[in-house]
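See structure below.
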Amino acid sequence: MNDLPFKILGIEHIGIAVTDLTTVNEIFGNVLGLNLSKRESVEDQGVITDIYPTQSAKLEFVKAITEDSPIAKFINKKGEGMHHIALQVDHLQKALDYLSTKGVQLIDTQPRIGAEGFKIAFIHPKSTAGILVELCEKG
């Protein structure tokens with residue numbers, strides 16, 4: 001039985017770092033037939049996001065708009081590709097508090113607002129087998 005103070009509701013999206021959103025739209029929109037549902041600038045993170053829903057989750061392509069954004073740093077270090085996986089939770093702050101008590105290394109100890117108005121926080125990859133995990137809660 002799961003006695004956690006929060007629930008993981010599913011995969012919300014997979015974040016993919018890119019340098020060119022036009023090429024992404026050509027491939028994922030025109031060739032694979034996914035519809036771009038939203039383009040959004042997230043100023044405090046220095047990125048533009050293009051969101052393509054699928055039946056079970058979304059693909060979120062993230063392009064840096066500032067040279068010091070986390071996405072720009074990621075691309076400079078590792079190149080384009082999968083950046084993070086986002087898990088939707090029902091109570092983000094409860095999740096962060098619980099993970100902290102379990103010794104999980106967090107990037108964010110308090111939620112902040114991300115794309116689509118979601119409350120978001122990241123778990124450090126050192127605690128998740130090298131995978132950057134975003135937890136998000138619908139606003």
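Computed quantities for the displayed model
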quantity	calculated
Members of the stretch 6-62 that are assigned to a strand (DSSP E or B) and polar (S, T, N, Q)	S41, T49
Flag for K38 being at pLDDT 95 or above, touching a strand residue (DSSP E or B) at 6+ places or on another chain (Cβ under 9 Å) and within 18 Å of L87 (Cβ to Cβ)	no
Filtered residues of the stretch 73-121 (kept if of a type in the set (G, A, S), under 24 Å from E40 (Cα atoms) and more than 15 Å from the chain's Cα centre (by Cα))	G79
Subset of the stretch 93-131 (residues that are outside any strand (DSSP E or B), free of Cβ contacts under 8 Å to residues at least 60 places away in the same chain and of a type in the set (A, V, I, L, M, F, W, C))	L96, L99, V104, I107, A129, I131
Residues of the stretch 63-92 satisfying the condition of being touching a helix residue (DSSP H, G or I) at 6+ places or on another chain (Cβ under 8 Å), assigned to a strand (DSSP E or B) and among the β-branched types (V, I, T)	V89
Test set (1) over 18 Å from L9 (Cβ atoms); (2) part of a loop (DSSP other than H, G, I, E, B) - G139 fails condition number	(1)
Qualifying positions in the stretch 44-54 - more than 14 Å from A17 (Cβ to Cβ) and either surrounded by 15 or more Cβ atoms within 10 Å (Cβ to Cβ) or at pLDDT 95 or above (or both)	I51, Y52, P53, T54
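The values are calculated or read from the model by the stated rules, or taken from the named source; none is laboratory data. As the structure is a computational prediction, the values presented were derived from the model and not from experiment. Note that we place each Cβ from the backbone using ideal geometry, even for glycine, and neighbour counts take in every protein chain shown.
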